[in-house]
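The values are calculated or read from the model by the stated rules, or taken from the named source; none is laboratory data. Bear in mind that the values here come from a model prediction, so they are computed numbers and not experimental data. As a convention, Cβ positions derive from the backbone with ideal geometry for all residues, glycine included, and neighbour counts pool all protein chains shown.
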Amino acid sequence: MATYAVGDIQGCYDPLMRLLDELAFDPEQDKLWVAGDMVNRGPDSLSTLRYLRSLGDRCVAVLGNHDFHLLAIASGIRNPRLKDTLDEVLEAPDADELIHWLRHRPVLHHSKKRQITMVHAGIPPVWSIEQAQKEARRLEDALRSDDYVYWLKKIFKPSKPRPWDDEYKRKRKIRMTAAYLTQMRFCDAQGVLDMESKGTKAQKGFAPWFSFPKSPSYNEQIIFGHWASLEGETKRVNIHAIDTGCVWGKTLTALNIDTFERIEVGG
């Protein structure tokens, strides 16, 4: 039995199938971890969601920012963007079931046995892994509640980046947690986000979230996607970037959780 973590699929269903063939993935025996952004920009988000859902508990998929975007469109609180490729999902006969499945996915997955944590974007340097799990559960409970549309509105409400404070009220904590786990690239040591920079260079005073040596989670094994311009490189042996830009014509990457070997196929 093997476990593989796969980077941002973004509706690139055919490359996903080729990658799983390359891995000789057996859905009866093996497990698939997905680091978020299952949908959007690629040509076949519908088949991607249907396949991942069909795996049942053999698939552990965390939510990314594009997955949140789909939930917001389906809930009527956001309009589609010009480059979105989500109409097929929204118009599918099983759309309600797929959206229900999606909003019940975790935003963070931690394997206590393996001591590995997977998120879509990252973990802020002011959090330990234990606090990240706690804040993630708060966000997951909101998304799975009957009031999930209310919480999606709060999550997508524009707000000025600010440092994390454990004394914040629930609404702000949930909004900031969603930003950390699904959108973060650069931040400062207090957890203030730089939401403008998207390449590999930050504004003055900010740095990649995984570069702060005093972070309580500094020595943990962490897997994340979201940041294709890193090209899979963090210069940290324990921080694994696995978004390698499949949707942009580059590669789709799988990471063997047992050996940390990388396997790639072209997009």
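Note on region 120-146: among residues that are farther than 16 Å from Phe212 by Cβ and touching a residue at least 40 places away in the same chain (Cβ under 8 Å), the one that is surrounded by the most Cβ atoms within 10 Å (Cβ to Cβ) is His120.
When Lys204, Lys198 are screened for being under 25 Å from Thr244 (Cβ atoms) and of a type in the set (Lys, Arg), only Lys198 passes.
Name the single residue that is surrounded by the fewest Cβ atoms within 10 Å (Cβ to Cβ) among those in region 1-30 being of a type in the set (D, E, K, R) and without any contact (Cβ under 8 Å) to a residue 40 or more places away in the chain.
Taking region 1-30 first, the residues of a type in the set (D, E, K, R) are 8, 14, 18, 21-22, 26, 28, 30.
Add one more test, that the residue is without any contact (Cβ under 8 Å) to a residue 40 or more places away in the chain, and what stays is 14, 21, 26, 28, 30.
Numbers: Asp14: 15, Asp21: 10, Asp26: 11, Glu28: 6, Asp30: 16.
Ranking the candidates gives Glu28 first.
So which of Glu97, Glu91, Glu28 is touching a Lys or Arg at 6+ places or on another chain (Cβ under 9 Å) and more than 23 Å from Met118 (Cα to Cα)? Full working, then the answer.
Values: Glu91 fails: touching a Lys or Arg at 6+ places or on another chain (Cβ under 9 Å); Glu28 fails: more than 23 Å from Met118 (Cα to Cα).
Residue meeting the stated conditions: Glu97.
Considering region 189-207, and only residues there that are in contact with a Phe, Trp or Tyr (Cβ under 6 Å, 6 or more places away or on another chain) and in contact (Cβ under 8 Å) with a residue 24 or more places away in the chain, the residue that is nearest to Gln133 (Cα to Cα) turns out to be Gly191.
I want to confirm something. Restricting to region 147-167 and keeping residues that are free of Cβ contacts under 8 Å to residues at least 40 places away in the same chain and closer than 22 Å to Arg185 by Cβ, which single residue is surrounded by the fewest Cβ atoms within 10 Å (Cβ to Cβ)? It would help to see each step written out before you state the result.
Within region 147-167, the subset free of Cβ contacts under 8 Å to residues at least 40 places away in the same chain is 147, 150-151, 154, 157-163, 165-167.
Now drop any that are not closer than 22 Å to Arg185 by Cβ, which leaves 157-163, 165.
Details: Lys157: 10, Pro158: 5, Ser159: 12, Lys160: 7, Pro161: 15, Arg162: 13, Pro163: 15, Asp165: 12.
Step by step, filter region 147-167, then rank; the result is Pro158.
Residues that are closer than 29 Å to Met176 by Cα, touching a residue at least 60 places away in the same chain (Cβ under 8 Å) and acidic (Asp, Glu) do not occur anywhere in region 53-63. Counting the residues of region 121-158 that are closer than 17 Å to Ala72 by Cα, of a type outside the set (Phe, Trp, Tyr) and not in a helix (DSSP H, G or I) gives 5.
Criterion applied to Arg41, Arg53 was being under 17 Å from Asp243 (Cα atoms) and of a type in the set (D, E, K, R), and the one residue passing it is Arg41.
Take the residues in region 190-228 that are on the phi > 0 side of the Ramachandran plot and over 16 Å from the mean Cα position of the chain (by Cα); name whichever of them is modelled with the highest pLDDT. Filtering first and then ranking leaves Gly191. Within the bounds of region 196-209, is there any residue that is under 22 Å from Pro106 (Cα atoms) and of a type in the set (A, V, I, L, M, F, W, C)? Yes: one or more hits. Among residues of region 54-80 being closer than 17 Å to Lys153 by Cα and among the charged types (D, E, K, R), the one that is surrounded by the most Cβ atoms within 10 Å (Cβ to Cβ) is Asp67. Taking region 168-181 as the range and being touching a residue at least 40 places away in the same chain (Cβ under 8 Å), hydrophobic (A, V, I, L, M, F, W, C) and touching a strand residue (DSSP E or B) at 6+ places or on another chain (Cβ under 9 Å) as the test, only Leu181 passes. Test Lys112 against the stated conditions and say whether it is of a type in the set (Lys, Arg), at pLDDT below 95 and either within 26 Å of Gln221 (Cβ to Cβ) or more than 19 Å from the chain's Cα centre (by Cα) (or both). Against the criterion (of a type in the set (Lys, Arg), at pLDDT below 95 and either within 26 Å of Gln221 (Cβ to Cβ) or more than 19 Å from the chain's Cα centre (by Cα) (or both)), Lys112 qualifies.
Residue-level analysis places Met184 among those that are of a type outside the set (S, T, N, Q), touching a strand residue (DSSP E or B) at 6+ places or on another chain (Cβ under 8 Å) and either modelled with pLDDT of 95 or more or surrounded by 13 or more Cβ atoms within 10 Å (Cβ to Cβ) (or both).
Could you count how many residues in region 100-120 are touching a Leu at 6+ places or on another chain (Cβ under 9 Å) and part of a helix (DSSP H, G or I)? Residues that pass the stated criteria total 3.
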